[in-house]
1. Could you identify the single residue in 44, 27, 14, 9 that is farther than 17 Å from residue 152 by Cβ, exposed (fewer than 13 other Cβ atoms within 10 Å of the Cβ) and either in contact with a strand residue (DSSP E or B) (Cβ under 8 Å, 6 or more places away or on another chain) or in contact (Cβ under 8 Å) with a residue 60 or more places away in the chain (or both)?
2. Restricting to region 81-108, what's the tally of residues that are touching a strand residue (DSSP E or B) at 6+ places or on another chain (Cβ under 7 Å) and in a helix (DSSP H, G or I)?
3. Restrict the check to region 146-158 and report whether at least one residue is part of a loop (DSSP other than H, G, I, E, B) and closer than 17 Å to residue 186 by Cβ.
4. Going residue by residue through region 179-189, is there one that turns out to be assigned to a loop (DSSP other than H, G, I, E, B) and either at pLDDT 95 or above or surrounded by 15 or more Cβ atoms within 10 Å (Cβ to Cβ) (or both)?
5. Based on this model, can you work out whether residue 112 counts as out of contact with any strand residue (DSSP E or B) (no Cβ under 6 Å at 6 or more places or on another chain), assigned to a helix (DSSP H, G or I) and under 23 Å from residue 161 (Cα atoms)?
6. Can you tell me how many residues in region 45-80 are within 27 Å of residue 149 (Cβ to Cβ) and in a loop (DSSP other than H, G, I, E, B)?
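The values are calculated or read from the model by the stated rules, or taken from the named source; none is laboratory data. Computed from a predicted structure; not experimentally measured. As a convention, Cβ positions derive from the backbone with ideal geometry for all residues, glycine included, and neighbour counts pool all protein chains shown.
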(Lines give C-alpha, C1' and ligand atoms only; values in the text may rest on other atoms or scores of the structure.)
Protein backbone atom coordinates (compact mmCIF):
# COMPACT_ATOMS: atom_id res chain seq x y z
CA UNK A 1 0.00 0.00 0.00
CA UNK A 2 1.07 3.58 -0.69
CA UNK A 3 0.03 5.95 2.10
CA UNK A 4 0.46 9.73 2.08
CA UNK A 5 -0.44 11.54 5.27
CA UNK A 6 -0.81 15.36 5.22
CA UNK A 7 1.88 15.70 2.55
CA UNK A 8 2.87 19.22 1.50
CA UNK A 9 5.53 20.28 -0.98
CA UNK A 10 6.64 23.90 -1.11
CA UNK A 11 9.36 25.21 -3.42
CA UNK A 12 11.20 28.43 -2.63
CA UNK A 13 10.92 30.59 0.49
CA UNK A 14 8.94 33.61 1.70
CA UNK A 15 7.90 35.80 -1.27
CA UNK A 16 9.03 33.20 -3.82
CA UNK A 17 7.35 30.26 -2.11
CA UNK A 18 5.19 28.09 -4.34
CA UNK A 19 2.97 25.33 -2.99
CA UNK A 20 3.11 22.44 -5.45
CA UNK A 21 1.12 20.05 -3.25
CA UNK A 22 -1.14 20.88 -0.30
CA UNK A 23 -2.51 18.55 2.39
CA UNK A 24 -2.36 15.36 0.33
CA UNK A 25 -3.96 12.38 2.07
CA UNK A 26 -4.07 9.20 0.02
CA UNK A 27 -4.23 5.47 0.57
CA UNK A 28 -3.52 3.55 -2.62
CA UNK A 29 -3.93 -0.25 -2.62
CA UNK A 30 -1.02 -2.57 -3.37
CA UNK A 31 -0.86 -4.59 -6.58
CA UNK A 32 -3.35 -2.30 -8.36
CA UNK A 33 -3.04 0.07 -11.32
CA UNK A 34 -3.43 3.74 -10.41
CA UNK A 35 -3.77 6.74 -12.71
CA UNK A 36 -2.90 10.26 -11.60
CA UNK A 37 -4.77 12.74 -13.77
CA UNK A 38 -4.65 16.53 -14.01
CA UNK A 39 -3.67 19.46 -16.17
CA UNK A 40 -0.07 20.60 -16.67
CA UNK A 41 1.17 22.23 -13.48
CA UNK A 42 -1.44 20.52 -11.31
CA UNK A 43 1.18 18.67 -9.25
CA UNK A 44 0.99 15.23 -10.89
CA UNK A 45 4.71 14.77 -11.49
CA UNK A 46 5.59 16.27 -8.11
CA UNK A 47 3.34 13.69 -6.47
CA UNK A 48 4.99 10.88 -8.42
CA UNK A 49 8.49 12.14 -7.58
CA UNK A 50 7.64 12.19 -3.88
CA UNK A 51 6.24 8.67 -4.01
CA UNK A 52 9.40 7.57 -5.82
CA UNK A 53 11.74 9.23 -3.34
CA UNK A 54 13.18 11.48 -6.05
CA UNK A 55 12.18 14.43 -3.87
CA UNK A 56 11.24 14.89 -0.23
CA UNK A 57 8.01 16.44 1.07
CA UNK A 58 8.21 19.72 2.95
CA UNK A 59 5.99 18.12 5.59
CA UNK A 60 3.94 14.97 6.04
CA UNK A 61 4.84 11.31 5.63
CA UNK A 62 4.94 8.79 2.79
CA UNK A 63 4.83 5.09 3.60
CA UNK A 64 5.15 2.47 0.86
CA UNK A 65 4.50 -1.17 1.74
CA UNK A 66 5.32 -0.39 5.36
CA UNK A 67 8.51 1.55 4.58
CA UNK A 68 8.50 5.16 5.86
CA UNK A 69 10.54 7.07 3.27
CA UNK A 70 11.25 9.93 5.68
CA UNK A 71 13.28 7.60 7.88
CA UNK A 72 15.66 6.53 5.12
CA UNK A 73 19.15 7.99 4.80
CA UNK A 74 20.32 9.10 1.36
CA UNK A 75 22.20 5.81 0.90
CA UNK A 76 19.20 3.79 2.04
CA UNK A 77 16.92 5.79 -0.25
CA UNK A 78 19.21 5.16 -3.24
CA UNK A 79 19.13 1.45 -2.55
CA UNK A 80 15.38 1.48 -1.99
CA UNK A 81 14.77 3.25 -5.31
CA UNK A 82 17.04 0.89 -7.22
CA UNK A 83 15.57 -2.26 -5.66
CA UNK A 84 11.89 -1.74 -4.81
CA UNK A 85 10.89 0.90 -7.37
CA UNK A 86 10.96 1.00 -11.16
CA UNK A 87 10.81 4.33 -13.04
CA UNK A 88 9.63 5.06 -16.58
CA UNK A 89 9.76 8.67 -17.79
CA UNK A 90 8.42 10.51 -20.83
CA UNK A 91 11.94 11.38 -22.01
CA UNK A 92 13.27 7.78 -21.82
CA UNK A 93 16.58 8.78 -20.11
CA UNK A 94 18.54 5.96 -21.73
CA UNK A 95 22.30 6.22 -22.24
CA UNK A 96 22.61 6.64 -26.00
CA UNK A 97 26.27 5.54 -26.22
CA UNK A 98 25.77 2.43 -24.12
CA UNK A 99 24.36 -0.87 -25.31
CA UNK A 100 20.90 -2.07 -24.36
CA UNK A 101 22.56 -4.59 -22.06
CA UNK A 102 24.52 -1.84 -20.28
CA UNK A 103 21.43 0.35 -19.91
CA UNK A 104 19.40 -2.39 -18.24
CA UNK A 105 22.36 -3.39 -16.06
CA UNK A 106 22.47 -0.06 -14.21
CA UNK A 107 20.05 -0.84 -11.33
CA UNK A 108 21.68 -4.23 -10.83
CA UNK A 109 25.12 -2.63 -10.63
CA UNK A 110 23.83 -0.26 -7.98
CA UNK A 111 22.49 -3.27 -6.07
CA UNK A 112 25.85 -5.04 -6.55
CA UNK A 113 24.36 -8.25 -7.89
CA UNK A 114 26.84 -10.95 -8.99
CA UNK A 115 27.69 -10.73 -12.69
CA UNK A 116 26.21 -14.12 -13.63
CA UNK A 117 22.87 -13.43 -11.92
CA UNK A 118 22.89 -9.96 -13.42
CA UNK A 119 23.28 -11.38 -16.93
CA UNK A 120 20.24 -13.65 -16.60
CA UNK A 121 18.00 -10.89 -15.24
CA UNK A 122 19.02 -8.48 -18.01
CA UNK A 123 18.38 -11.03 -20.73
CA UNK A 124 14.98 -11.91 -19.22
CA UNK A 125 13.96 -8.24 -19.02
CA UNK A 126 14.92 -7.61 -22.65
CA UNK A 127 12.94 -10.67 -23.74
CA UNK A 128 9.86 -9.34 -21.92
CA UNK A 129 9.99 -6.05 -23.85
CA UNK A 130 10.86 -7.78 -27.14
CA UNK A 131 14.36 -6.31 -27.43
CA UNK A 132 16.39 -9.49 -27.03
CA UNK A 133 17.73 -9.10 -30.57
CA UNK A 134 18.99 -5.58 -29.70
CA UNK A 135 20.99 -6.60 -26.66
CA UNK A 136 24.33 -5.43 -28.13
CA UNK A 137 22.96 -2.41 -30.00
CA UNK A 138 23.66 1.07 -28.69
CA UNK A 139 20.53 2.71 -27.27
CA UNK A 140 21.02 5.72 -29.53
CA UNK A 141 20.27 3.59 -32.60
CA UNK A 142 16.80 2.61 -31.37
CA UNK A 143 13.47 4.15 -32.38
CA UNK A 144 11.45 6.15 -29.84
CA UNK A 145 9.22 3.20 -29.04
CA UNK A 146 12.21 0.90 -28.64
CA UNK A 147 13.89 3.38 -26.31
CA UNK A 148 10.79 3.46 -24.13
CA UNK A 149 10.67 -0.33 -24.07
CA UNK A 150 14.33 -0.30 -23.09
CA UNK A 151 13.49 2.10 -20.27
CA UNK A 152 10.77 -0.30 -19.15
CA UNK A 153 13.22 -3.21 -19.20
CA UNK A 154 15.54 -1.20 -16.97
CA UNK A 155 12.61 -0.37 -14.67
CA UNK A 156 11.50 -4.00 -14.21
CA UNK A 157 14.85 -5.80 -14.15
CA UNK A 158 14.94 -5.78 -10.33
CA UNK A 159 11.35 -7.07 -10.20
CA UNK A 160 10.19 -4.00 -8.25
CA UNK A 161 7.11 -3.90 -6.05
CA UNK A 162 6.08 -0.51 -7.49
CA UNK A 163 6.37 0.76 -11.09
CA UNK A 164 6.09 4.53 -11.55
CA UNK A 165 5.44 5.88 -15.04
CA UNK A 166 5.38 9.64 -15.75
CA UNK A 167 3.58 10.32 -19.06
CA UNK A 168 5.23 7.22 -20.60
CA UNK A 169 3.56 7.76 -23.98
CA UNK A 170 4.08 11.52 -24.18
CA UNK A 171 6.83 11.36 -26.82
CA UNK A 172 5.34 8.52 -28.83
CA UNK A 173 2.84 8.27 -31.68
CA UNK A 174 -0.54 6.81 -30.74
CA UNK A 175 0.08 3.30 -32.10
CA UNK A 176 3.45 2.97 -30.36
CA UNK A 177 1.99 4.49 -27.21
CA UNK A 178 -0.74 1.87 -27.10
CA UNK A 179 1.87 -0.89 -27.32
CA UNK A 180 3.88 0.64 -24.47
CA UNK A 181 0.80 0.95 -22.23
CA UNK A 182 -0.21 -2.62 -23.06
CA UNK A 183 3.29 -3.76 -22.09
CA UNK A 184 3.18 -1.86 -18.78
CA UNK A 185 -0.16 -3.38 -17.83
CA UNK A 186 1.01 -6.85 -18.85
CA UNK A 187 4.09 -6.54 -16.63
CA UNK A 188 1.96 -5.11 -13.80
CA UNK A 189 -0.19 -8.25 -13.87
CA UNK A 190 2.68 -10.70 -14.28
CA UNK A 191 4.80 -9.22 -11.49
CA UNK A 192 1.88 -8.30 -9.19
CA UNK A 193 3.44 -4.85 -8.94
CA UNK A 194 1.63 -1.65 -8.08
CA UNK A 195 1.54 0.49 -11.23
CA UNK A 196 1.20 4.28 -10.90
CA UNK A 197 0.80 6.18 -14.17
CA UNK A 198 0.74 9.97 -14.53
CA UNK A 199 -1.29 10.69 -17.64
CA UNK A 200 -3.43 13.17 -19.58
CA UNK A 201 -5.05 10.31 -21.48
CA UNK A 202 -8.57 9.52 -20.28
CA UNK A 203 -8.54 6.08 -21.93
CA UNK A 204 -5.41 5.08 -20.00
CA UNK A 205 -6.95 6.44 -16.80
CA UNK A 206 -10.17 4.46 -17.30
CA UNK A 207 -8.16 1.26 -17.76
CA UNK A 208 -6.64 1.67 -14.28
CA UNK A 209 -8.20 0.29 -11.09
CA UNK A 210 -7.99 3.66 -9.31
CA UNK A 211 -8.06 7.22 -10.67
CA UNK A 212 -6.64 10.10 -8.63
CA UNK A 213 -7.68 13.51 -9.95
CA UNK A 214 -5.44 16.40 -8.90
CA UNK A 215 -5.99 20.12 -9.41
CA UNK A 216 -3.86 23.07 -8.24
CA UNK A 217 -1.83 20.81 -5.95
CA UNK A 218 -4.85 19.29 -4.21
CA UNK A 219 -6.70 16.01 -4.58
CA UNK A 220 -9.97 16.76 -6.36
CA UNK A 221 -11.40 13.25 -6.17
CA UNK A 222 -10.47 9.57 -6.15
CA UNK A 223 -12.55 7.06 -8.09
CA UNK A 224 -12.32 3.36 -8.85
CA UNK A 225 -12.65 1.53 -12.14
CA UNK A 226 -16.20 1.58 -13.42
CA UNK A 227 -17.34 4.45 -11.20
CA UNK A 228 -15.53 7.42 -12.78
CA UNK A 229 -17.44 9.58 -15.22
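1. Step by step, each of 44, 27, 14, 9 is checked, and only 27 is farther than 17 Å from residue 152 by Cβ, exposed (fewer than 13 other Cβ atoms within 10 Å of the Cβ) and either in contact with a strand residue (DSSP E or B) (Cβ under 8 Å, 6 or more places away or on another chain) or in contact (Cβ under 8 Å) with a residue 60 or more places away in the chain (or both).
2. Within region 81-108, residues that are touching a strand residue (DSSP E or B) at 6+ places or on another chain (Cβ under 7 Å) and in a helix (DSSP H, G or I) number 1.
3. Checked region 146-158: at least one residue is part of a loop (DSSP other than H, G, I, E, B) and closer than 17 Å to residue 186 by Cβ.
4. No.
5. Taking the combined requirement at face value, the residue does not satisfy it.
6. Residues that pass the stated criteria total 5.
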